[in-house]
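Everything on this sheet refers to the single structure shown next.
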Amino acid sequence: RLNNMGHFSAMFNGLARSLSIRKGKSYGSRGGREAAEAMAKDAKKNELLLRSSGTVNVDGSKNFASVFSKRGNKGVNQDCCIVWEEYGCQEDMMFCGIFDGHGQWGHFVAKRVRESMPSSLLCNWQEALVEASLDPDLDLESDKRLSRFNIWKRSYVKTCAAVDKELEQLRKIDSFYSGTTALTVVRQGDLIYVANVGDSRAVMATTSDDGNVVPVQLTIDFKPNLPQEAERIVQCKGRVFCLDDEPGVHRVWLPHEESPGLAMSRAFGDHCVKGFGLISVPEVTQRTITNRDQFIVLASDGVWDVVSNQEAVQIVSSTKDRAKSAKRLVECAAAAWKRKRRGIALDDISAICLFFHSTSSHLSQQILPVTALK
């Protein structure tokens with residue numbers, strides 16, 4: 001089976017090869033998690049990894065990422081982001097994530113998940129590659145795309161379970177009444193894998209037949225009133241209802257307590273309601289990037305509460321300097337929040353704009369000006 005394993009690693013451009021020697025660095029003598037964390041440190045040092053507002057623009061890369069986060073009026077900013085170019089030392093891979101914390105310890109929970117998820121995912125992905133290569137029943141050539149997706153999905157599900165368990169056992173962070181959402185994307189060549197836990201949203205901007213830039217929503221906002229989510233919560237003895245002063249805002253409650261009142265049905269942490277229908281299982285999907293696809297927007301619900309998918313792609317498309325695209329989207333959302341939600345404290349607002357092509361010269365010019373937005 002060793003020949004098969006070597007073929008498999010080469011076919012999937014796997015982490016297994018990069019753990020030996022890459023760019024003068026040796027990671028092979030370390031354990032998997034330690035090696036992945038060492039890669040993250042090197043990536044940070046080489047400006048391939050961003051954990052704050054800014055841009056990642058590597059020479060020769062097909063990717064350009066713009067990141068911006070704005071604190072709301074509720075105290076400390078509980079949103080955080082990560083962009084990791086050359087993810088796992090793979091030149092054709094990139095990892096992006098946006099994490100929206102909630103509760104008293106939410107900002108610590110969000111940062112902890114941002115810290116542990118990428119390296120954990122790399123380790124589980126490598127293990128899944130090796131396991132698949134040793135599976136005598138797997139025909140590697142039959143459907144490479146499906147095999148690759150199944151490996152990423154398995155890796156994500158295992159990672160999310162491990163990260164949530166680790167949070168529960170962590171003494172220095174109290175995640176019993178606090179938690180975070182997690183929306184992440186891995187780009188591998190012309191494929192993207194999207195994993196969503198919570199109510200942040202990923203929207204793709206693509207070019208329609210008539211040349212206009214149009215949105216394609218890639219994720220589901222996991223709100224408690226979604227039929228399949230509500231059914232699970234109720235079956236687990238949790239409750240879903242709106243408060244009188246918040247009509248239309250469905251929340252998750254314990255069976256006999258008026259707490260915690262979570263506005264999402266999936267999250268890391270919040271272990272007080274983990275036995276009552278709240279889960280940290282990700283929805284994992286894939287999409288092939290075509291020449292028509294321009295960029296993807298990952299944003300916390302602070303954007304989507306007041307900005308439509310169409311408005312978001314228009315704002316980003318019409319920003320001449322791509323480095324400022326995330327900031328412009330966030331500022332437009334903040335302005336819309338003040339107009340549409342008077343008297344309600346501004347939420348933390350964060351966005352990542354990941355462009356798929358190194359230049360924007362081919363972008364459609366048939367874009368509505370932002371002044372046309374409602």
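Derivation of every value follows stated rules applied to the coordinates shown; laboratory data play no part. These numbers come from a predicted model, not from an experiment. Note: ideal-geometry Cβ built from the backbone for every residue, glycine included; neighbour counts use all protein chains shown.
Show me 308-315, 56-63 ranked by packing, highest mean number of other Cβ atoms within 10 Å first.
Ranking, from highest mean packing down: 308-315, 56-63.
Counting only other residues whose beta carbon sits under 13 Å from that of D293, what net charge do I get with K and R as +1, D and E as -1?
Details: positive: K62, R187, R287, R292; negative: D190.
Overall, the nearby charge balance is +3.
Using a ≥ b ≥ c from the Cα gyration tensor of the chain (square roots of the eigenvalues), is it rounded, prolate or oblate, where a/c under 1.5 gives rounded and otherwise the larger of a/b and b/c decides, a/b for prolate?
Verdict is oblate for the chain.
For region 137-249, rounded, prolate or oblate, judged on the Cα gyration tensor with a ≥ b ≥ c (square roots of eigenvalues), a/c < 1.5 rounded, else prolate if a/b > b/c? Write down the numbers at each step before the final one.
Values: a/c = 2.06, a/b = 1.28, b/c = 1.61.
Oblate, since a/c reaches 1.5 and b/c is not below a/b.
222 nm [θ] for the chain, helices only, -39500 (n - 2.57) per DSSP H run of 4+, per residue, to 500?
My calculation for the chain gives -10000 deg cm²/dmol from helical runs alone.
Placing +1 at every Lys and Arg Cβ and -1 at every Asp and Glu Cβ, with all other atoms neutral, what dipole size does region 119-238 have around its Cα centre, in debye to the nearest 20?
Charge dipole of region 119-238: 460 debye, to the nearest 20.
Set the bar at 27 Å for Cα to Cα. Now go through K158/K274; K44/K111; K70/K320; K41/K165; K70/K153; K44/K70 and name every pair that lies beyond it.
Going by Cα-Cα distance, K70/K153 fall outside the 27 Å limit.
Highest mean first, how do 232-239, 144-151 rank when packing is the count of other Cβ atoms within 10 Å averaged over residues?
Numbers: 232-239: 16.9, 144-151: 15.4.
Put in order of decreasing packing, that is 232-239, 144-151.
Modelling each spin label as a point 7 Å along the Cα-to-Cβ direction, I'd like the V234/R292 distance in nm, to one decimal.
3.9
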